[in-house]
Amino acid sequence: MTKILELKNVDSFYGNIQALYDINLHIDQGEIITLIGANGAGKSTTLMTVCGVVQARNGQVMYDGEEITKEAPNKIVAQGICQVPEGRLIFPELTVQENLDMGAFMRNDKEGIKRDMEYSFDLFPILAERRKQQGGTLSGGEQQMLAIARALMAKPRLLLLDEPSMGLAPLIVKQIFDIIKKVNAEHNTTIFLVEQNANLALKIAHRGYVMENGRIVLTDTCDKLLADEQVKKAYLGL
Amino acid sequence: MNNQINENSQNQGFISFFLSAGCADSATALKKSCLVALWFVFLTFPIMAVRVNTIENTVTWRLMNMVNVAVAVFFGSYVWRWLLARKEMSSAETSKETLIESLLSKILDDKILKSVSFSLIAIMVVAFPFALDNIYLTNIMISCLIYIVLGLGLNIVVGLAGLLDLGFVAFYAIGAYAYALLNMHFQLGFWTVLPLGALLGAITGLILGFPVLRLRGDYLAIVTLGFGEIIRLVLQNWGTVTMGPSGIANIARPGFFGMDFSLQQNLIYLYYIMVFLVSITIFFVNRLQNSRIGRAWLALKEDEIACQAMGVDKVKTKLLAFSLGATWAGMAGVVFAAKTTFINPDSFTFWESAIILSVVVIGGMGSIRGVIAGSIILILVPEYLRNFAEFRMLLFGAIMVLVMVFRPQGLISAKRKIYHYKVSNTASAGNE
């Protein structure tokens, strides 16, 4: 399998504070991988580094065999990496449909956009009902669905999801995770999932990375991680 | 609280609702009104009651005024509370559209009505200077049109991109001085300088834009305010170039293929130039609003990180907003210099920026019709109220307070174009 994304010895900083130490990870085309860890472990920073909002000081970020370490965020999005930011961050005063339109900002094919919007509405029927409602008036779960649908409108090859389960009811979390799996299966979209909810994340992903204090401490297939004594104790509460 | 008001209004009818609006019962309301009246008497005592004549060294006590204030405020407070309570009820119950807005959208939805009303407006605008044949009125109309252009320019920055710019008058000054100086030194004509002024505006917009890219909200407002003052102070103190506070006089009026105009003809000519400019501006801003870049501005206003995640180039988008907004200000400045034929730094104080911002905010941020309505109200009303000169600013302030309390989204709120996708979904079909 080809590696779609690879981080080589990446260090990232916020000002003078180092947040990531020597991160090495890769994702194969069509895979779902998950990055789990406690609060402040550096999971979101890893995502931010991939999409260029925080730039790596040392090391390389390779996408499709090309280096994107120093590129501007909008150039990276144009190459097919799309992020669903933590805390949803939809546009509260734009309608659902306008939010989805913004997702297709980089695209020019009207027909394709129309088709993908229908696809989004198929995935999330509730959004079709609320099409003309302002994004801010949606419930938390609906906003998360909108954020994911919006990211899918960009037709990403690699979708970065930052804690999609945050603050949502278990039933809705399950629904969202089912859709993540569905998108991965139907469109062969590679998915990089950052999660606190280790149990669920490890169940849908193929491989997992465990992060602690800015370092990756463990990596394996999800089945093995789920069985690992250390992971069980620290993240699964078993 | 709201429910209580609702019940009250249904059970006891209008008068008792009016008497107890916003309070638990009419006794509290009475007490509140008395207190407010007393407080106002205390506040206005020095200006309303005491008149000191420094020449004759006498003090006149006008206690009757105090009684008037007390009575007016007492009843005024009832009306105020009633309006507030009514507003709360109506916003809870029905849609936010006002009568004027629904009328406007009705007219715009109907093709025949639309073309009829548009041609009516066009005829009125074109015939205006001849119908009235009054230099004074034409002159006021020209300044109103200049403010429409300025308002629409600022509307790009504040209304669409959400960047609060308090130094907008700087670009206006740059346009005006560009024409005055180029005309004085190089005898360049109005039509040559008009695009130059626009260009200069755009460039200074970029120059201001770069350092403030990271700033938002209050911080941005302060920096832009400083920028506006810097430009004004430079104009005031760089005497060798700008002639300092004495200003530049005898600026040429716009020419028309070398024809000689009388003063009145020239004003009418200038009026048509402004009408033309306003139409172009409306056309451009309208196109911009519904374009990709317009959507990027709207989104950037709401959330920068999400915007970046969608692939919007934050730097380019923000700079574009600043420079496009400044372009119109530069052009308006050139026209202003040509109209008054004399400019000095006093025409470009912070007060001007504040008025332009009020035009946008009161009219309705992001709405072209709103900005037009706003500048007509804010520029024409004070002019026609010259008879009540002392109360002009008071009225101006009162309009602002009232609009902000009762219609915070502006007189005519923005309506975005909706993109229609045919979605074959039963759930959504019911909604249409």
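Overview of values
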read-out: In the A-B interface, the accessible area buried, summed over both sides, Å² (probe 1.4 Å); value: 3000
read-out: Accessible area in square angstrom per residue, region B:134-406, 1.4 angstrom probe; value: 41
read-out: Two-site label geometry, A:Leu171 and B:Ser115: point separation in nm, points 7 Å out along Cα→Cβ; value: 5.5
read-out: Where only alpha carbons of region B:80-230 are counted, the Rg and the Dmax (Å); value: 21.3, 64
read-out: Degrees between helix A:140-153 axis and first principal axis of chain A (Cα, 0 to 90, nearest 10); value: 90
read-out: 4 °C / 1.567 mPa s Stokes-Einstein diffusion coefficient of chain B, Kirkwood radius on C-alpha pairs, µm²/s; value: 52
read-out: Spin-label pair B:Met184/B:Ile100, simplified geometry with 7 Å Cα→Cβ offset, distance in nm; value: 4.1
read-out: Cα pair distances exceeding 15 angstrom across region B:15-57, given as percent; value: 59
read-out: Kirkwood Rh in Å, taken over region A:149-238 so that all alpha-carbon pairs contribute; value: 14.0
read-out: Note, ³J(HN,Hα) from phi for region A:71-83, Karplus 6.51, -1.76, 1.60, rounded to Hz, x at Gly and Pro; value: 7, 6, x, 5, 5, 5, 4, 4, 8, x, 9, 10, 10
read-out: Overall form of the protein assembly as shown per C-alpha gyration tensor (a/c, 1.5; a/b vs b/c); value: prolate
read-out: Shielding by partners - mean other protein chain Cβ count within 10 Å, residues of A:103-115; value: 2
read-out: Within the accessible area of region B:134-406 (1.4 Å probe), percent carbon and sulfur; value: 70
read-out: Fraction of beta bridges assigned by DSSP in the protein assembly as shown that are antiparallel (%, nearest 5); value: 60
read-out: Relative contact order (%) - criterion: Cα under 8 Å, at least six apart; region: chain B; value: 21
read-out: Gyration tensor verdict on region A:27-82 (Cα atoms; rounded if a/c is under 1.5, prolate if a/b is larger than b/c, oblate otherwise); value: oblate
read-out: Residue of A:Val183, A:Val217, A:Val96 that the Gaussian network model of chain A assigns the largest fluctuation, springs spanning Cα pairs under 10 Å; value: A:Val217
read-out: Unit Cα scatterers, Debye sum, region A:88-154: log10 I(q)/I(0) for q = 0.20, 0.24, 0.26 Å⁻¹; value: -0.67, -0.96, -1.13
read-out: Listed residue pairs exceeding 25 Å between alpha carbons, taken from A:Lys3/A:Lys232; A:Lys155/B:Lys316; A:Lys43/A:Lys75; A:Lys203/A:Lys232; value: A:Lys3/A:Lys232
read-out: log₁₀ of I(q)/I(0) at q = 0.12, 0.13, 0.14, 0.17 Å⁻¹ - chain A, Debye sum with one point per alpha carbon; value: -0.65, -0.77, -0.89, -1.30
read-out: B:Phe261 paired with B:Ile203, simple spin-label distance in nm, labels 7 Å along Cα-to-beta-carbon; value: 2.8
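The values are calculated or read from the model by the stated rules, or taken from the named source; none is laboratory data. Fair warning: this is a prediction, and the values are worked out from it, not measured in the lab. Counting neighbours? That spans all protein chains shown, and the Cβs are built from the backbone with ideal geometry, glycine included. Accessible surface areas use protein heavy atoms only, side chains included; no ligands, DNA or RNA. Shrake-Rupley method; radii C 1.70, N 1.55, O 1.52, S 1.80 Å.
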